[in-house]
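First up is the structure itself, then whatever we jot down about it.
Computed from the coordinates by the stated procedures, all read-outs in this text should not be read as laboratory data. Bear in mind that the values here come from a model prediction, so they are computed numbers and not experimental data. Please note: Cβ atoms are built from the backbone with ideal geometry, for glycine as well, and neighbour counts cover all protein chains shown.
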Amino acid sequence: MRYIVTGGILLATLGWLVISYLPPAAAALPQMAFDSPAAQWLLPWLAGLSLLVFLIIQLDLVRATLQWFRPSAAPAISQALVEFSLPRGQELLWTLLPVLGTVILALWLLVVS
């Protein structure tokens, strides 16, 4: 049953993406605008705050991942690392990837705008 639900959600998402980018369908979608001076002042600050919170959470995940691989880790953690054969380099890469992608995107947006 969960495969059917997952497939349905996937198809609905793909359908929404395809339909929303077709010109006639996109023209029929509601348009949102934030034209007030307060919104134009507040939205960049909200975006910056959201970016900061995201980076703090992600860096805390990187810190926690690094703690797993310390020699002084708890015996249960050491045993789990061995049982699941978690290589340190790959774990750190996949944990750092969202941080790197976000930083690169933010820098690119700052340079382009």
Computed from these coordinates, which is percent of Cα pairs over 21 Å apart: (1) 39; (2) 31; (3) 67?
-> (3)
Which FRET efficiency value, to the nearest 0.05, do you get for Val111 and Ala39 by plugging their Cβ-Cβ distance into 1/(1 + (r/R0)^6) with R0 = 22 Å?
-> 0.35
How far apart, in nm, are two points set 7 Å out from the Cα along the Cα-to-Cβ line at Phe69 and at Leu17?
-> 3.1 nm
In the neighborhood of Thr95, defined by Cβ-to-Cβ distances under 13 Å, what is the net charge if each Lys or Arg adds +1 and each Asp or Glu adds -1?
-> 0
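Report relative contact order for the stretch 34-112 in percent, whole number only (criteria: Cα-Cα under 8 Å, sequence separation at least 6).
The normalised contact order for the stretch 34-112 reaches 35 percent.
Excluding Phe69 itself, calculate the net charge of residues whose Cβ lies under 14 Å from the Cβ of Phe69, where each Lys or Arg counts +1 and each Asp or Glu counts -1.
Net local charge, Phe69 excluded: +2.
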Express in nm, to one decimal, how much length is gained between Trp94 and Thr6 on full extension, taking 0.36 nm for each residue of separation and deducting their alpha carbon distance.
-> 29.3 nm
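So what is the calculated 222 nm ellipticity per residue for the chain, using -39500 (n - 2.57) for each DSSP H run with n of 4 or more, over all residues, to the nearest 500 deg cm²/dmol? Let's see the in-between values first.
Numbers: 5 runs with 91 residues, N = 113.
After summing the helix terms and dividing by residue count, I get -27500 deg cm²/dmol.
Tell me, what is the FRET efficiency for Leu55 and Ala28 to the nearest 0.05, using R0 = 25 angstrom and their Cβ-Cβ distance as r?
0.10
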DSSP-assigned coil residues among chymotrypsin sites (Phe, Trp or Tyr not before Pro) in the stretch 57-113, each with at most 11 further Cβ atoms within 10 Å | Phe84
